[in-house]
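Peer 1: Take this structure, written in structure tokens, and hold onto it; I'll ask about it next.
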Amino acid sequence: MSGGRLVLPVLLSATFVQLLNVTVAQVAAPAIQTALGAGPGAVQLVLAGYTLTYACLLIPAARLGERYGYRRLFMAGTVVFIAGSVAGACAPDTAWLIAARLVQGGGSGLVAPQVLSLIPAVTPAARRPRALGLYGATMAVASLAGPLIGGLVLSADLFGLGWRPIMLLAVPVALASLAGATVLPRTRGADGLRVDKLGALLVTVGAGALILPLALGREAGWPWWTWAGFAVAAAALAYFVRSLPYRPDPLIHPAVLRDRSARRGILLVFAFNTGVPSFTYLLFLHLQSTVGYSALAAALTSAPFAAAAVLGSRAAPVLTRRHGPTVLTAASLVLAGMCLALAPLIGSAAGRQAALPVLAVGGAAFGAFTASVFTLVLAQVHGPAAGSVSGLLPTAQQLGGSIGVTVAGLAYYAPASDADAAFRHAMIYHVTAFTVTALISLRLRHGPGAAPVHDHSSHREGSPAQTRS
């Protein structure tokens, strides 16, 4: 394959774009709220809307990639993402911005499963764990680069446009990914493969009916429609799960429901991401809205977390080979300890200085977890469940992030004696999220080092897409 050495950088650049766009908006949230006159619930929806459509489309998009070709879906999703980014930069009001973020998330949702399908297809078996580790490290770096880059852009106030250039930050990288897509292998779809339209509808309705009330219910006073939304979400998702064994070509292979390793791995990724990115969102929100930091000062405060995350992700492969799933348990407990320590520190200037090394330790744990969790989980899932799990893990990641942002926001905005108490409430939520993650990780099997990552495309139901010569 010509340009073979460029395939992995192209795929990882697309992953960088997807995760950068989650956190880069967090640092701009106070500026967006002020400029557009948005309420806290609407701002949460600006943030959660991206991850919502991202999560809803991941599983259907994986099937569409098999049906119509991975490269074709990769390029289509990138174009949709760029269009949503430009629309977001031009948003005249909050409703327009929320719609643009939904489009952005949809574009990322189309791209992400193609990346996870192409990595095993273009990487020799012996190098797949390393490639997947780089995938995880890219997610960690992108998640933490967003606030730093966003803070710099907001402080520069380019052309007097305020927060709007934030929406365009990922566009140059997305354009480079689109141009580089020419080196991706051409694939033809599996002609007999059907897309489960009912399953896609149920997942989308269920997730949307869950997130919307969580994002807007508190500000609206929890009217009847919020509880109706929860009921619709429960009914749609329950029917989706119960009907899996009876639908032709289901979005998720029914074997996932029977595979304990698959269920635990999906739950582990979901639980971890209910604490991330909500932690960085609320840290930046509190530093800017309560402490009075500028966006750049808030970003610099988190710099030790970001720098240490890079180091943690680099150490992850060695740690995983030596200690297996214990790395995930230890990292989760360190993050819980970080949140517990930050709660009393952020309230004073001296405490914020003392918080810097605490953030560095937490950042290293974050990087180690993110760079190793996909490898460890996928190594334990075999047979027909493996293909579905490769799509469900990023779905759990994004859906967990959406729910985490909304629930952590509820904790932060709950009645409190003062702003410092509100921040402590939020940190208690994050301590709980990371402690639950640690408990789940204890149930993963301990294997002899990092087991090889399987070629997930060979396990998906139906005929896999084939690479043209």
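The values are calculated or read from the model by the stated rules, or taken from the named source; none is laboratory data. Computed from a predicted structure; not experimentally measured. Methodologically, a virtual Cβ is constructed for each residue, glycine included, from the backbone with ideal geometry; neighbour enumeration extends over all protein chains shown.
Peer 1: Within region 30-59, can you find the residues that are under 30 Å from GLN288 (Cβ atoms) and either touching a Pro at 6+ places or on another chain (Cβ under 9 Å) or among the hydroxyl-bearing types (Ser, Thr, Tyr) (or both)?
Peer 2: Residues satisfying the conditions are GLN33, THR34, LEU36, VAL43, LEU47, TYR50, THR51, THR53, TYR54, ALA55.
Peer 1: Now a separate question. How many of the residues in region 282-309 are over 16 Å from ARG352 (Cα atoms) and either surrounded by fewer than 18 Cβ atoms within 10 Å (Cβ to Cβ) or touching a Pro at 6+ places or on another chain (Cβ under 6 Å) (or both)?
Peer 2: Matching residues across region 282-309 total 1.
Peer 1: Quick one: is PRO30 closer than 23 Å to GLY400 by Cβ and of a type outside the set (A, V, I, L, M, F, W, C)?
Peer 2: So PRO30 fails the test.
Each row is one residue, and each column tells you yes or no for (1) farther than 30 Å from PRO415 by Cβ; (2) at pLDDT 90 or above.
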{"residue": "ALA170", "(1), (2)": "yes, no"}
{"residue": "LEU175", "(1), (2)": "yes, yes"}
{"residue": "LEU178", "(1), (2)": "yes, yes"}
{"residue": "GLY192", "(1), (2)": "yes, no"}
{"residue": "VAL195", "(1), (2)": "yes, no"}
{"residue": "ALA200", "(1), (2)": "yes, no"}
{"residue": "PRO223", "(1), (2)": "no, yes"}
{"residue": "TRP227", "(1), (2)": "no, yes"}
{"residue": "ASP249", "(1), (2)": "yes, no"}
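Peer 1: Would you be able to say whether some residue in region 260-272 is under 29 Å from THR329 (Cβ atoms), outside the structural domain of ALA336 (by TED's automatic domain parsing) and either among the polar types (S, T, N, Q) or buried (at least 20 other Cβ atoms within 10 Å of the Cβ) (or both)?
Peer 2: Checked region 260-272: no residue is under 29 Å from THR329 (Cβ atoms), outside the structural domain of ALA336 (by TED's automatic domain parsing) and either among the polar types (S, T, N, Q) or buried (at least 20 other Cβ atoms within 10 Å of the Cβ) (or both).
Peer 1: I've got another one for you. So which helices (runs of 4 or more DSSP H) are wholly in region 299-415 and hold at least 1 residues that are touching an Asp or Glu at 6+ places or on another chain (Cβ under 8 Å)?
Peer 2: 385-413
Peer 1: When THR182 is evaluated against the numbered criteria (1) on the phi < 0 side of the Ramachandran plot; (2) surrounded by 14 or more Cβ atoms within 10 Å (Cβ to Cβ), which criterion, by number, is the only one it fails?
Peer 2: (2)
Peer 1: Another question about this same structure. If we keep just the residues of region 206-231 that are hydrophobic (A, V, I, L, M, F, W, C) and surrounded by 18 or more Cβ atoms within 10 Å (Cβ to Cβ), which is nearest to GLN44 (Cα to Cα)?
Peer 2: That would be ALA215.
Peer 1: Within region 255-268, identify whether any single residue is within 20 Å of the chain's Cα centre (by Cα) and in a loop (DSSP other than H, G, I, E, B), and answer yes or no.
Peer 2: Within region 255-268, not a single residue is within 20 Å of the chain's Cα centre (by Cα) and in a loop (DSSP other than H, G, I, E, B).
Peer 1: Here is a follow-up. Given the criteria surrounded by fewer than 18 Cβ atoms within 10 Å (Cβ to Cβ) and either assigned by TED's automatic domain parsing to the domain that holds LEU244 or farther than 20 Å from TYR70 by Cα (or both), does LEU201 qualify?
Peer 2: yes
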